[in-house]
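A quick write-up on the structure given underneath.
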Amino acid sequence: MEEKKYHLSTMKVFRDLSEKDREELDRISTMSTVRRGKVFYRPEEMGEVLFILKKGIVQLYRISPEGKKLVIATLDRGALFGEMALLGQQMHNTFAEATTDCTICVMSRNDLERLILQRPQVALSILEITGRRLRDAESRLEDLAFKGIPARLSSLLLRLARDEDRIVGYTHQDLAEMVGTYRETATQVLNDLKSKGLIEIGRKRIEILDREGLLAIAEG
């Protein structure tokens, strides 16, 4: 119980709440650990719920009639997602899968509405986080529309790394699906980037050695 309250207190969306508010939040929310590879939301599931990703990486995707996987979004710590019309989010026909071990907080629509009415600052935090996700989605769509595979993959690596120089937990297949190409193509491009001294490749691990060089390809 104390570990759950600690996790809630460190989430950006809740960190300005009082101790009393956090106790109420602890009562109305569920915190759980989701192991890597588990699909914890499926298209046939009903009910509006909000997921808040405390730790780990989650992939949202759809499956085409031909069985092809289409990645909608890749989310990391601090992300909000779920079937929440309240936030303008829809997950029709969408799967949510933990690509690493994850810690996730779950709230119902009714509980979220009550919390927002009582504490408007939570709504402001939610808007900020949701807006950042929208900007990331727009950037990804722009890459898919106007850039070749090397630029798209370089841009993706920079987004995944953020302020760090290491990306952990992704296979070449994962990266290929995220930029809309085949695994073999993604592997070839990664090897090209490695040969140029821009990255180092390990097992589910990529080290960025030359951020400026990678950025030049991403913007090329």
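Tabulated results
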quantity	calculated
Extension gain, Asp192 back to Arg135 (0.36 nm per residue minus Cα-Cα distance, nm)	17.6 nm
Restricting segment 156-210 to GluC sites (Glu not before Pro) in coil, as DSSP defines it, with at most 11 other Cβ within 10 Å	Glu164
About the Cα centre, charge dipole magnitude for the chain (Lys/Arg +1, Asp/Glu -1 at Cβ), debye	300 debye
At R0 = 35 Å, FRET efficiency that the Cβ-Cβ distance of Lys38 and Gln118 yields, to 0.05	0.60
FRET efficiency, 1/(1 + (r/R0)^6) with R0 22 Å, evaluated for Glu45 and Lys69 via beta carbons	0.75
Loop-located trypsin sites (Lys or Arg not before Pro) in segment 57-145, at most 10 other Cβ atoms within 10 Å (DSSP)	Lys68
Computed E for Thr171/Glu23 - FRET, C-beta separation, R0 30 angstrom, nearest 0.05	0.15
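Every number in this text was worked out from the coordinates using simple rules, so none of it is lab data. This one's a predicted model, so the numbers in the text were calculated from it and none came from an experiment. Reconstructed Cβ throughout: ideal geometry from the backbone, glycine too, with neighbour counts over all protein chains shown.
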